[in-house]
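Trainee: The structure is given below, and queries will be raised subsequently.
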Amino acid sequence: MKNLTNNFDVIIIGGGFLGLSSAYELAKQGVRTLLLEAGDIGSGTSASCSGRAQVCEGHLDPLNIQLITDGLKRHETLEEELGQTYDWRKSGLFLIIRTQDSWNHWQNRASILTPAGIPTEVVDRKVLQKAEPNMNTNGLLGAVYAVEGMINPLKFSLAYAAAARRNGAIIQGNSQVTGFEMSNNRITAVQTKLGKFLCDTVAVMTGAWLPQTTKMANIELPICHTHAEAVVTEPIPAMIFNNVEISDFYATIHGKQRAVAIGVHPDLHGSVDITEAVTKTDQYHKRVSAWGITALAKELIQLYPFMDKVRVVRSWGRPTCFTPDEEPIIGWVPQLKNMYVAASLVETITAVPLLSEWMASSLQGKKPPSSLDQFSPSRFENGWSWN
Ligand SMILES: Cc1cc2nc3c(=O)[nH]c(=O)nc-3n(C[C@H](O)[C@H](O)[C@H](O)COP(=O)(O)OP(=O)(O)OC[C@H]3O[C@@H](n4cnc5c(N)ncnc54)[C@H](O)[C@@H]3O)c2cc1C
């Protein structure tokens, strides 16, 4: 590895969307940056996700709304800036509504989202059926409609990695961090099996693995994860025209040992990405289960009966993390002088182009244009509870 003995300004741990985009933003500003990723670039959760730049499913406070509206604008020019396409495009989204409670809930959300610049509409079953003629809408009340973004998540990860490298960052795969050297409440070096790296600041952006990573510096953070399974089909003729999800995703999976929250996303080449069979677990792995794939298939065929003849070509599972209040955790760890953490976003792809600029400012000791204090890990200093 090059620059083995160098002292870096910032060492980022984790080569997913958060780490890669931050490495790019830091390197662009001349910060000597090393990113250490345990596996291949994007091989944690990022490159395996559905690629939706979600717009209407997150928290409704001003900071989250700004991250969505301005994050989306940033995507419009980001491919050109990174010098590589990641298949950015717009897609219709239908969040199917099955209960009156969900209908009322979404009418209220739409009345907040639309004036805030995220046009969101609740439509009845007839409108849904017209837009998705091959869907079995029996028993559905209607859907929420919005326009969201879509990307290819592997290309997005690789575009950021390439642009970060071009700007001078070292992006190092297959370099698992195994420990820290510390002195006076500061991390002075990061250890890997390839050797140790000296640094001024450490940014831990290891997604669902974040609590494992900070634990090596004796920092406990309240992050859990669920294991989500997904499949992708062979290419089919155009039969599904929008992204389709359920409107009560979080209510469906919350607190359950196992749940299916069906999501259907046609890709640019005719394949359909289908998510998620979700299991509550403490384990980290990338496997799928007989239960998950069967349950996913059952819900899919209920929604799109013609899919029973379509073959699945690949399946996988990945962890997705969350905090007790389901807000992101972003900021300086209060117990140490130079450890920054970032994980657990709700609308990661939408927000990350803008958020990474702001995190790069924070990592240099500057104030970002909008305060990220509401995401600070210090909110858990006096304890937390999992409801
Ligand atoms: C099936 C599925 C579909 C999803 N769909 C969407 C979607 O459509 N839109 C959306 O916005 N989000 C989606 N998500 C969520 C999204 O994938 C995550 O929010 C996002 O990938 C998190 O990015 P990250 O950089 O925080 O973490 P990750 O991508 O997990 O990156 C963290 C990295 O840290 C590395 N690491 C861990 N420990 C160490 C160590 N000790 N040393 C070095 N490296 C280490 C890991 O290998 C990993 O690559 C989906 C998730 C799943 C599971």
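Trainee: Would region 143-150 turn up any residue that is under 21 Å from PRO266 (Cβ atoms) and over 22 Å from the mean Cα position of the chain (by Cα)?
Mentor: From region 143-150, those under 21 Å from PRO266 (Cβ atoms) are 143-150; that's our starting set.
After this cut, where a residue has to be over 22 Å from the mean Cα position of the chain (by Cα) as well, the list is 143.
Yes.
Trainee: Sticking with this one: So, of the residues in region 200-221 that are in a strand (DSSP E or B) and more than 14 Å from the ligand (Cβ to nearest atom), which turns out to be nearest to LYS256 (Cα to Cα)?
Mentor: First, the residues of region 200-221 that are in a strand (DSSP E or B): 200-204.
Applying the additional criterion that residues be more than 14 Å from the ligand (Cβ to nearest atom) yields 200-201.
Working: ASP200: 42, THR201: 38 Å.
If we take residues in region 200-221 being in a strand (DSSP E or B) and more than 14 Å from the ligand (Cβ to nearest atom), then THR201 is nearest to LYS256 (Cα to Cα).
Trainee: On to the next question. With the requirement that a residue be touching a helix residue (DSSP H, G or I) at 6+ places or on another chain (Cβ under 8 Å) and over 17 Å from GLU327 (Cβ atoms), what does region 200-235 give you? Reasoning before the result, please.
Mentor: Keep residues of region 200-235 that are touching a helix residue (DSSP H, G or I) at 6+ places or on another chain (Cβ under 8 Å), which gives 201, 203-207, 220-223, 225-226, 229-231, 233.
Within region 200-235, THR201, ALA203, VAL204, THR206, GLU220, GLU229, ALA230, VAL231, THR233 qualify.
Trainee: With in the same structural domain as PHE17 (by TED's automatic domain parsing) and either in contact with a Gly (Cβ under 9 Å, 6 or more places away or on another chain) or away from the ligand (no atom under 14 Å from the Cβ) (or both) as the only criterion, which of ASN185, ASN136 stands out? Lay out the reasoning, then the answer.
Mentor: Working: ASN136 fails: in the same structural domain as PHE17 (by TED's automatic domain parsing).
Only one candidate qualifies: ASN185.
Trainee: Check LEU296, LEU300 and return the single one that is part of a helix (DSSP H, G or I), more than 20 Å from the chain's Cα centre (by Cα), modelled with pLDDT of 95 or more and within 14 Å of the ligand (Cβ to nearest atom). Explain how you work it out, then say what you get.
Mentor: Details: LEU300 fails: within 14 Å of the ligand (Cβ to nearest atom).
After ruling out the rest, the residue left standing is LEU296.
Trainee: Let me ask something else. Given the conditions (1) within 28 Å of THR188 (Cβ to Cβ); (2) within 11 Å of the ligand (Cβ to nearest atom); (3) among the hydrophobic types (A, V, I, L, M, F, W, C), and given that VAL333 satisfies all but one, which numbered condition is not satisfied?
Mentor: Unmet for VAL333, out of (1) within 28 Å of THR188 (Cβ to Cβ); (2) within 11 Å of the ligand (Cβ to nearest atom); (3) among the hydrophobic types (A, V, I, L, M, F, W, C): (2).
Trainee: Can you find, within region 23-50, the residue that is surrounded by the most Cβ atoms within 10 Å (Cβ to Cβ) among those that are near the ligand (Cβ under 6 Å from one of its atoms) and among the aliphatic types (A, V, I, L, M)?
Mentor: Only one residue tops the list, namely LEU36.
Trainee: Follow-up question, since we're still on this one. Somewhere in region 303-314, is a residue within 13 Å of the ligand (Cβ to nearest atom), in a strand (DSSP E or B) and not assigned by TED's automatic domain parsing to the domain that holds LEU20? First the steps, then the outcome.
Mentor: First pass over region 303-314, keeping only residues within 13 Å of the ligand (Cβ to nearest atom): 314.
From the residues that got through so far, the ones that are in a strand (DSSP E or B) too are 314.
If we keep only those that are not assigned by TED's automatic domain parsing to the domain that holds LEU20 too, we end up with 314.
Yes, region 303-314 contains at least one residue that is within 13 Å of the ligand (Cβ to nearest atom), in a strand (DSSP E or B) and not assigned by TED's automatic domain parsing to the domain that holds LEU20.
Trainee: Here's something else I'd like to know. Here is a list of conditions, (1) assigned to a helix (DSSP H, G or I); (2) under 15 Å from the mean Cα position of the chain (by Cα); (3) away from the ligand (no atom under 13 Å from the Cβ); (4) not basic (Lys, Arg), and LEU20 meets all of them except one; can you say which number that is?
Mentor: (3)
Trainee: Testing LEU355 on (1) in the same structural domain as LYS28 (by TED's automatic domain parsing); (2) in a helix (DSSP H, G or I); (3) away from the ligand (no atom under 16 Å from the Cβ), one condition comes back false. Which one is that?
Mentor: (3)
Trainee: A follow-up question, please. Take TRP332 and decide whether it is farther than 22 Å from GLY15 by Cα and of a type outside the set (Asp, Glu). Spell out how you get there, then give the answer.
Mentor: On the way: farther than 22 Å from GLY15 by Cα: no; of a type outside the set (Asp, Glu): yes.
When the stated conditions are applied, TRP332 does not pass them.
Trainee: Please identify the pairs in which a residue from region 301-319 that is under 30 Å from TYR284 (Cα atoms) has its Cβ atom under 8 Å from the Cβ atom of a residue that is assigned to a helix (DSSP H, G or I) and more than 16 Å from the ligand (Cβ to nearest atom), counting only partners at least 6 apart or on another chain.
Mentor: ILE301/MET307; ILE301/ASP308
Trainee: Shifting gears a bit: Looking only at region 140-180, how many residues end up being among the small types (Gly, Ala, Ser) and near the ligand (Cβ under 10 Å from one of its atoms)?
Mentor: The first filter runs over region 140-180 and keeps only residues among the small types (Gly, Ala, Ser), leaving 142-143, 146, 149, 157, 159, 161-164, 168-169, 173, 175, 179.
Then drop every residue that is not near the ligand (Cβ under 10 Å from one of its atoms), which leaves 149, 157, 173, 175, 179.
Counting residues in region 140-180 that are among the small types (Gly, Ala, Ser) and near the ligand (Cβ under 10 Å from one of its atoms) gives 5.
Trainee: Moving on. Given the residues ASP248, ASP200, which is the only one that is surrounded by 15 or more Cβ atoms within 10 Å (Cβ to Cβ) and either in the same structural domain as ILE97 (by TED's automatic domain parsing) or in contact with a His (Cβ under 7 Å, 6 or more places away or on another chain) (or both)? Please lay out each step first, then the result.
Mentor: On the way: ASP200 fails: either in the same structural domain as ILE97 (by TED's automatic domain parsing) or in contact with a His (Cβ under 7 Å, 6 or more places away or on another chain) (or both).
Just one listed residue meets the conditions, ASP248.
Trainee: Considering every residue within region 51-61, establish whether at least one is near the ligand (Cβ under 10 Å from one of its atoms) and either more than 17 Å from the chain's Cα centre (by Cα) or hydrophobic (A, V, I, L, M, F, W, C) (or both).
Mentor: Within region 51-61, one or more residues are near the ligand (Cβ under 10 Å from one of its atoms) and either more than 17 Å from the chain's Cα centre (by Cα) or hydrophobic (A, V, I, L, M, F, W, C) (or both).
Trainee: Look at ILE96 and say whether it is part of a loop (DSSP other than H, G, I, E, B), away from the ligand (no atom under 14 Å from the Cβ) and farther than 24 Å from ARG318 by Cα. Full working, then the answer.
Mentor: Working: part of a loop (DSSP other than H, G, I, E, B): no; away from the ligand (no atom under 14 Å from the Cβ): yes; farther than 24 Å from ARG318 by Cα: yes.
No, not satisfied.
Trainee: Now a separate question. Pull up region 370-387, narrow it to residues that are farther than 16 Å from ALA351 by Cα and in a loop (DSSP other than H, G, I, E, B), then point me to the one that is farthest from the chain's Cα centre (by Cα).
Mentor: ASN382
Trainee: In addition: Of everything in region 222-239, what is crowded, with 21+ Cβ neighbours inside 10 Å and in a loop (DSSP other than H, G, I, E, B)? Give them in sequence order.
Mentor: Across region 222-239, the qualifying residue is only ILE223.
Trainee: Under 21 Å from PRO368 (Cβ atoms) and in the same structural domain as SER356 (by TED's automatic domain parsing): is that true of THR69 in this structure? Lay out the reasoning, then the answer.
Mentor: Values: under 21 Å from PRO368 (Cβ atoms): yes; in the same structural domain as SER356 (by TED's automatic domain parsing): no.
The answer is no for THR69.
The values are calculated or read from the model by the stated rules, or taken from the named source; none is laboratory data. Since the model is a prediction, treat every value here as computed from it, not as a measurement. As a convention, Cβ positions derive from the backbone with ideal geometry for all residues, glycine included, and neighbour counts pool all protein chains shown.
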